[in-house]
Each structure stands twice: as structure tokens, then as C-alpha cells.
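To start, the structure under review is shown below, and the notes come after it.
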Amino acid sequence: MASLHGLGHLPLISQLRLMSIPSASSPLTPHGPGFRFVDHFALGPTPSESPRGTATFHLSPTLSVFADHFPGNPIMPAALLLEHAAQAAGILWMSLAQNSDTPSNSPLFVAGVDTLRILGPGLPGDTLHTEVELLKEFGSLAQFQFETRSVQKTITKGRLTLSRQLKA
């Protein structure tokens, strides 16, 4: 993932533009409160680069998923780590739609997981920091690269494709 500006070198907070803090009245994603995996999102300073941003999500020890995955040794399920990255990519893409003819509130769907590497666990109490970068758009599809880290380690990295259309 050479083109990602690794999270070991996170931009200074002053270089980021915080989009919003989600609330019940203005969430960052269209998901219900029990399926939102982004607490904050900030657009990166990218005047001459591919659009990118950073999402954070705190893995509160009280998340219900930790009770059953796995009792006595809780970890965040890989599918939900991927969902976190997909939501981060969707927020980035929706933020770009604010400057286009595409409605920023149109639903987005995961169309493909091109690569996914699970490099470590997401543990109760961790705060995930996921950097997403838009690689390319083609019609109703967009491909993103992502890397998720906690303070101590890289947790996931990969590429995924989102779609503005749900194919049956």
C-alpha cells in the first residue's frame, strides 16, 4: 500500500478537516445506531493527491459483540472491521459527492472486497484509526484502499469497491 500515507505518519490534526461528530439527528452514515462503526471522520489535505480521509471508532468494552466473540477472549469480528473500513470509504465518497451532481445521501453498497489482510485483533478498549484513499471511480463504482491501525499495531489493510447501485 505504498500510495497510502501510513497511519504511522498520521497528518496533524490541524491539517485535517473534521466532517462532523455523529449524533442521532445527523449521523455520518445511513446505518442505525447499532450498526455505525465510525465515531469521527476527517478529510485529509489532498490538493494534488487522491482524496483521502481518516475515520476513528472506539471499541468500547461494552459493545455487545464482545460478549459472544469470544467469551473470555473478546475480539472485534473481521467482518465488522471490514464494515468499519467500508463505512469510512462511504463517508469519503459521500463527501466528494457534495461537490458533484450525485446526491450525497444516495445509499452505497459493498460491491467487492478486492484484498483484505487481517494482521491483528481489534480488542476492547482499542481505538481504530482507518485511513481510506479513493483510488478510482468508474461510473457508479469506486475503488478504495484502506489501512486500519490502533496505537500499537496495524489491524487490517486492503482494497474494496463500493457501488451506488444494489444489483439483484
- Mind listing the long-range amide H neighbours of residue 122? Cut-off is under 5 Å, sequence gap 5 or more, other chains count too, H placed in the peptide plane at 1.01 Å from N. 76
- Message: Checking the cross-link filter: which aspartates and glutamates have an alpha carbon closer than 13 Å to that of residue 136, excluding same-chain neighbours under 8 positions apart?
- Response: 49
- Task: Subtracting the Cα-Cα distance from 0.36 nm times the residue separation, let me have the gained length for residue 39 to residue 70 in nm, one decimal.
- Result: 8.8 nm
- Query: What are the aspartates and glutamates whose alpha-carbon lies under 15 Å from the alpha-carbon of residue 153, with same-chain residues fewer than 8 places away excluded?
  - Reply: 126, 131
- Query: Hey, what do the phi angles of the range 139-152 turn into as Karplus ³J(HN,Hα) couplings, whole Hz, using 6.51/-1.76/1.60 and θ = phi - 60°, x for Gly and Pro?
  - Reply: x, 8, 10, 8, 10, 10, 10, 9, 8, 10, 10, 10, 4, 8
- Task: Could you please put 52, 159 in sequence from largest to smallest accessible area, using a 1.4 Å probe?
- Result: 159, 52
- Roughly speaking, what is the stretch gain from residue 116 to residue 153, that is 0.36 nm per residue apart minus the C-alpha to C-alpha distance, in nm to one decimal? 11.7 nm
- Note on the structure: If amide H atoms are modeled at 1.01 Å from N in the peptide plane, then the residues at a separation of 5 or more from residue 114, or on another chain, having amide H under 5 Å from its own are 159, 160, 161
- Message: From the phi angles alone, apply the Karplus equation (6.51, -1.76, 1.60; θ = phi - 60°) to the range 86-92 and give each ³J(HN,Hα) in whole Hz, x where the residue is Gly or Pro.
- Response: 5, 5, 4, 4, x, 5, 4
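Using heavy-atom solvent-accessible surface (probe 1.4 Å) with all chains present, what is the largest-first order of 131, 49, 137, 83?
Reading off the accessible areas and sorting them downward yields 137, 49, 83, 131.
The values are calculated or read from the model by the stated rules, or taken from the named source; none is laboratory data. Everything numeric in this text was worked out from a predicted model, so none of it was measured. Just so you know, the surface numbers come from the protein's heavy atoms only, side chains and all, with ligands and any DNA or RNA stripped out. Shrake-Rupley method; radii C 1.70, N 1.55, O 1.52, S 1.80 Å.
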